[in-house]
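Worksheet: one structure, shown below.
No value in this document is a laboratory result; all are computed from the given coordinates. Source: prediction; values computed, not measured. Here the Cβ is made from the backbone with ideal geometry for all residues, glycine too, and neighbour counts use every protein chain on show.
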Amino acid sequence: MVRQFGHPRGVVGRAVGWFMAHRSSNRQRSIWAVSLLDVRPTDRVLEVGFGPGIGIAAFAARAVQGRVHGVDHSQAMVRQAARRNAAAVRAGRVRLTHASVDRLPSFGEPLDAVLAVNSVGFWTDPAERLRELRLLLRPGGRIALVSQPRCPGATRDTTTRAGQELQDLLAQAGFVQIRVETLDLEPPVACVLAHNPPTTPPTP
Ligand SMILES: C[S@@+](CC[C@H](N)C(=O)[O-])C[C@H]1O[C@@H](n2cnc3c(N)ncnc32)[C@H](O)[C@@H]1O
């Protein structure tokens, strides 16, 4: 089952997508994280691991003159998110790509903001992936990494530890001004926010 949440596939994967789209805590945390990113109407944004596309919809409601990109390595999630955001996809405001964070497509101009909700834990070499994402951001661009631990018995401490791991990864990847916000759900949700330095330093 954990594997299905990391890469929803087939009939079970579609059911997992439906579950994630309708679970109140999943919806709340994505909408909350987008609100913390302070998205402006002309922003160009990216969500990695968008699942059923709730965060993409929240982005599209804010970046009305910008562009919302999404990548997910699950074909089933690309289909669900495309259906959920059909009007914005048709209007060319939302572009969803079936791709892994390991092999990102080109997004053209630099991005203003990047989001990943309960997805980093499934990536290989996340510090390296985050370094690559940082290089796609404009100087001063923002990132939000969200974790709501779903392991059995997860508590506030589990969330605190998950938030600390994300902070460490962001620091390793060269992000600055790292801070954590918490949403009081069961278990709590950590959203770790950070910035690309105003002038991008050379990659270590
Ligand atoms: C637990 S789900 C979370 C979905 C959504 N963000 C939410 O909170 O409802 C994790 C998502 O990340 C995607 N994902 C995991 N590893 C990925 C990778 N390496 N590249 C792209 N997407 C990935 C999965 O396909 C899945 O849609």
Problem set entry | Beta bridge orientation in region 2-195: antiparallel %, DSSP, nearest 5 | 40 percent
Exercise. Of the residues Leu185, Leu136, Leu193, which exhibits the maximal mean-square fluctuation in a Gaussian network model of the chain defined by a 10 Å Cα contact cut-off?
Worked result: Leu185
For this session: Pop out the ³J(HN,Hα) list for region 127-140 in order, Karplus 6.51 cos²θ - 1.76 cosθ + 1.60 with θ = phi - 60°, rounded to Hz; leave Gly and Pro as x.
Result: 5, 5, 4, 5, 5, 5, 5, 4, 6, 8, 8, 5, x, x
Seminar exercise, completed: Here the relative contact order (percent) of the chain, from C-alpha pairs under 8 Å and at least 6 apart, is 17 percent
Exercise. Got a sec? Charge dipole of the chain, +1 on Cβ for Lys and Arg, -1 for Asp and Glu; which of Gly6, Thr97, Leu37 is way out at the positive end?
Worked result: Thr97
Problem set entry | Principal axis dimensions, the chain - Cα atoms, whole angstrom, descending | 45, 43, 28
Exercise. Which far-off residues, 5 or more places away or on another chain, put their amide H under 5 Å from the one on Arg67, with H placed in the peptide plane?
Worked result: Arg44, Val45
Exercise. Using +1 on the beta carbon of Lys and Arg, -1 on that of Asp and Glu, and nothing else charged, what's the dipole of region 1-110 about the Cα centre, debye to 20?
Worked result: 360 debye
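What is the sum of charges around Gly108, taking Lys and Arg as +1, Asp and Glu as -1, for the other residues whose C-beta is under 13 Å from the C-beta of Gly108?
Combined, the nearby Lys, Arg, Asp and Glu give +2.
Full-extension gain between Ala91 and Ala171, please, as 0.36 nm times their residue separation minus the C-alpha to C-alpha distance.
Additional length available on full extension: 25.1 nm.
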Exercise. Region 11-109: Rg/Rh from Cα coordinates, Kirkwood Rh?
Worked result: 0.94
Exercise. With +1 on each Lys and Arg Cβ and -1 on each Asp and Glu Cβ, how big is the dipole of region 2-195 about its Cα centre, in debye rounded to the nearest 20?
Worked result: 740 debye
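Calculate, in nm to one decimal, what Arg161 and Asp125 gain on full extension: separation in residues at 0.36 nm each, minus their alpha carbon distance. Intermediate results must be reported in sequence, preceding the final value.
On the way: separation 36, 0.36 × 36 = 12.96 nm, distance 1.86 nm.
Extra length from Arg161 to Asp125 when fully extended: 11.1 nm.
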Exercise. Which listed residue (Pro110, Pro149, Ala88) has the Cα farthest towards the positive end of the charge dipole for the chain, taking +1 on Lys and Arg C-beta and -1 on Asp and Glu C-beta about the Cα centre?
Worked result: Ala88
Seminar exercise, completed: With a Förster distance of 35 angstrom and the Cβ-Cβ distance between Val64 and Asp102, calculated FRET efficiency to the nearest 0.05 equals 0.65
Exercise. Restricting the count to DSSP beta bridges whose residues both fall in region 93-204, what percent are antiparallel, rounded to a multiple of 5?
Worked result: 65 percent
